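*Asks:* Here it is, the structure in full.
The values are calculated or read from the model by the stated rules, or taken from the named source; none is laboratory data. Nothing here was measured: the structure is a model prediction, and the numbers come from that model. Using ideal geometry, Cβ is built from the backbone for each residue, glycine included, and neighbour counts are taken over all protein chains shown.
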Amino acid sequence: MIWVAMSVWVFLAAVLYGITGVFIAELFPARVRYSGISLGYQMAGMLGGAFAPFVATGLLQWSGGTSWPVATYLAVMSLITLISVCLATTGSGWAYMTSEAPSRVTLAAG
């Protein structure tokens, strides 16, 4: 049964990671896309992931070893993520609706 659950999770994780790149890429216009995605990933890792072990350890100590506060913390963080994804715009189709062809630079000979 564990193998089935792990296989389902791997499949679902692959589906989620497959659409994440497209979803995040559409949040930024092409000229700032790399910086915007990078800044978003780094800030999310710093703010969301860096403090999670400390918060979970503190919650475990506070509750005397029961796991319900950590589960509640994870549920709240998941809810915040879901709300953020629902509120995120798709960039209004930056790459598709505007002509962002690279401009040509003419060098004057001289």
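*Asks:* Where residues in region 22-34 are aromatic (Phe, Trp, Tyr) and not in a loop (DSSP other than H, G, I, E, B), which of them is farthest from VAL85 (Cα to Cα)? If you could, list the steps in order and put the result at the bottom.
*Replies:* Initial filter on region 22-34 (aromatic (Phe, Trp, Tyr)): 23, 28, 34.
Among the residues that remain, those that are also not in a loop (DSSP other than H, G, I, E, B) are: 23, 34.
Numbers: PHE23: 9, TYR34: 19 Å.
Looking at residues that are aromatic (Phe, Trp, Tyr) and not in a loop (DSSP other than H, G, I, E, B), I get TYR34.
*Asks:* Restricting to region 1-37, what's the tally of residues that are under 11 Å from the mean Cα position of the chain (by Cα) and either hydroxyl-bearing (Ser, Thr, Tyr) or assigned by TED's automatic domain parsing to the domain that holds THR81 (or both)?
*Replies:* Residues meeting the conditions: 2.
*Asks:* Consider ILE37 carefully, then state whether it is surrounded by 11 or more Cβ atoms within 10 Å (Cβ to Cβ), assigned to a helix (DSSP H, G or I), aliphatic (A, V, I, L, M) and at pLDDT 85 or above.
*Replies:* Details: surrounded by 11 or more Cβ atoms within 10 Å (Cβ to Cβ): yes; assigned to a helix (DSSP H, G or I): yes; aliphatic (A, V, I, L, M): yes; at pLDDT 85 or above: yes.
It is true that ILE37 is surrounded by 11 or more Cβ atoms within 10 Å (Cβ to Cβ), assigned to a helix (DSSP H, G or I), aliphatic (A, V, I, L, M) and at pLDDT 85 or above.
*Asks:* For LEU60, indicate whether it is surrounded by 14 or more Cβ atoms within 10 Å (Cβ to Cβ), among the aliphatic types (A, V, I, L, M), more than 14 Å from the chain's Cα centre (by Cα) and at pLDDT 85 or above. Step through it out loud before you land on a result.
*Replies:* Details: surrounded by 14 or more Cβ atoms within 10 Å (Cβ to Cβ): yes; among the aliphatic types (A, V, I, L, M): yes; more than 14 Å from the chain's Cα centre (by Cα): yes; at pLDDT 85 or above: yes.
So LEU60 fits the description; yes.
*Asks:* Give the residue that is nearest to GLY48 (Cα to Cα), with candidates limited to residues of region 60-77 that are of a type in the set (Ser, Thr, Tyr) and assigned to a helix (DSSP H, G or I). Give the steps one after another, and end with the answer.
*Replies:* Within region 60-77, the first condition is being of a type in the set (Ser, Thr, Tyr), and the residues that meet it are 63, 66-67, 72-73.
Now drop any that are not assigned to a helix (DSSP H, G or I), which leaves 72-73.
On the way: THR72: 15, TYR73: 12 Å.
So the residue we want is TYR73.
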